[in-house]
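J.: Quick one: structure below, then a few questions.
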Amino acid sequence: MKKFPYQEKKDTRSGFGVGLVEAGKRNPNVVALCADLTGSLKMTDFQKQFPERFFQVGIAEANMMGLAAGMTIGGKIPFTGTFANFSTGRVYDQIRQSVAYSGKNVKICASHAGLTLGEDGATHQILEDLGMIKMLPHFTVINPCDYNQTKAATIAIADYEGPVYLRFGRPKIPIFIPEDMPFEIGKALMLNEGTDVTIVATGHLVWEALVAAEALEERGISAEVINIHTIKPFDAEAIIASAKKTRCVVTAEEHQINGGLGDSVAQTLSRNYPTPVEMVAVQDTFGESGVPEELMEKYGLTSKHIITAVDTVIARKRLMYGASFRN
């Protein structure tokens, strides 16, 4: 198995902050709007370097979306910043009507997504956002896995025409994607080739998938690990090709089981190459206040739970294809 050593851990929101500054340096049309969470979204450096291109709108998220949509008419490339819950659930109508419907070039940048928001509890831990936004026509939905990939994604979406939802988080996680790796919107990233099972992961769960794959290798199970950083447009070709090789798939995401990555994978395979699929995700429930690591354990979003899902899906594969398959 390919090893993924890491030197340090950083939060993905910091990758967004650095990427936003770099995007601002490259393109003078990049502007930033924030709903009273400049520090939390790591937008302070952009504000300092480009004060005339930064707009503090206050706790008025719906207004922020309207302002951003209007700015695109004048050729600006607005990046909006607030917590994921406020970026989607609170302003879904404005996103649908003012951004998606007319395909405005707005970049909705959402931090503190998922259970790893931790102690702020269920009211802030949105677990439905990927599904909500991917259902909107014209939208691109991106969920990077570490600091470097979030930075690269932030830079890339500035050059991408059309509305984008960029999701990232607060916890510090290992940095394992090379700093110089190009970010290709809509292109799955093969992290480890395998033959016995495909693990398709997104966001914070990509690292957990790699940890799981290493443990599985010690048991003689060869796991293919694919990083789906772009939920939409979905790289169906990569998933189908991997499924044809391994004939069973596990998905892993910090999101509700309904509407997220797992649904996209299952839909793709049911149409093109019916394959046993198991999903590691939140099981149709709200979160709660707690330490992020403990919440991930309680709600079944760790490498241990991925391994359990792998055992289940391989057993299903054996039943479907017979004993000729070793795993």
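J.: Going through the range 160-208 one residue at a time, which ones are of a type in the set (Gly, Ala, Ser) and part of a strand (DSSP E or B)?
T.: Ala201 - this is the single residue of the range 160-208 that is of a type in the set (Gly, Ala, Ser) and part of a strand (DSSP E or B).
J.: So, in the range 209-232, of the ones that are in a helix (DSSP H, G or I) and not small (Gly, Ala, Ser), which residue ends up nearest to the chain's Cα centre (by Cα)?
T.: Filtering first and then ranking leaves Leu210.
J.: Would you please list the contacts, defined by Cβ atoms under 9 Å and residues six or more apart or on different chains, that run from a residue in the range 225-238 that is closer than 9 Å to Ile142 by Cα to a residue that is basic (Lys, Arg) and in a strand (DSSP E or B)?
T.: Qualifying pairs under 9 Å: Ile231/Arg167.
The rows are residues; the columns are (1) touching a residue at least 24 places away in the same chain (Cβ under 8 Å); (2) assigned to a helix (DSSP H, G or I); (3) farther than 19 Å from Ala153 by Cα; (4) over 21 Å from the mean Cα position of the chain (by Cα).
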| residue | (1), (2), (3), (4) |
| --- | --- |
| Val18 | yes, yes, no, no |
| Lys42 | yes, no, no, no |
| Glu52 | no, yes, yes, yes |
| Phe55 | yes, no, yes, yes |
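Rundown of residues vs (1) surrounded by fewer than 24 Cβ atoms within 10 Å (Cβ to Cβ); (2) under 20 Å from Val21 (Cα atoms), yes/no style:
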{"residue": "Cys109", "(1), (2)": "no, yes"}
{"residue": "Ala122", "(1), (2)": "yes, no"}
{"residue": "Gln125", "(1), (2)": "no, no"}
{"residue": "Lys134", "(1), (2)": "yes, no"}
{"residue": "Thr140", "(1), (2)": "yes, no"}
{"residue": "Thr150", "(1), (2)": "no, yes"}
{"residue": "Asp159", "(1), (2)": "yes, yes"}
{"residue": "Pro163", "(1), (2)": "no, yes"}
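J.: So how many residues does the range 137-194 have that are over 20 Å from Ile95 (Cβ atoms), in contact (Cβ under 8 Å) with a residue 60 or more places away in the chain, of a type in the set (D, E, K, R) and in contact with a helix residue (DSSP H, G or I) (Cβ under 7 Å, 6 or more places away or on another chain)?
T.: Final tally of qualifying residues: 3.
J.: Please pick out the residue among Asp263, Asp284 that is assigned by TED's automatic domain parsing to the domain that holds Trp207, under 30 Å from Pro171 (Cα atoms), in contact (Cβ under 8 Å) with a residue 12 or more places away in the chain and part of a helix (DSSP H, G or I).
T.: Sole residue among the options that is assigned by TED's automatic domain parsing to the domain that holds Trp207, under 30 Å from Pro171 (Cα atoms), in contact (Cβ under 8 Å) with a residue 12 or more places away in the chain and part of a helix (DSSP H, G or I): Asp263.
J.: If we keep just the residues of the range 81-103 that are over 15 Å from Val141 (Cα atoms) and of a type in the set (Val, Ile, Thr), which is surrounded by the most Cβ atoms within 10 Å (Cβ to Cβ)?
T.: Selected residue: Thr82.
J.: Looking at (1) in a strand (DSSP E or B); (2) surrounded by fewer than 23 Cβ atoms within 10 Å (Cβ to Cβ), find the lone condition where Glu294 falls short.
T.: All conditions pass for Glu294, except number (1).
Residues checked against (1) in a loop (DSSP other than H, G, I, E, B); (2) over 15 Å from Ile185 (Cα atoms):
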residue: Ile95; (1), (2): no, yes
residue: Gln125; (1), (2): yes, yes
residue: Gly131; (1), (2): no, yes
residue: Cys145; (1), (2): yes, no
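J.: Of the residues Val249, Val197, which single one is crowded, with 24+ Cβ neighbours inside 10 Å, touching an Asp or Glu at 6+ places or on another chain (Cβ under 8 Å) and within 25 Å of Val141 (Cβ to Cβ)?
T.: Answer to the selection: Val249.
The values are calculated or read from the model by the stated rules, or taken from the named source; none is laboratory data. It should be emphasised that the depicted structure is a prediction, and the values quoted were computed from it without experimental measurement. All Cβ positions, glycine included, derive from the backbone under ideal geometry; neighbour counts span all protein chains shown.
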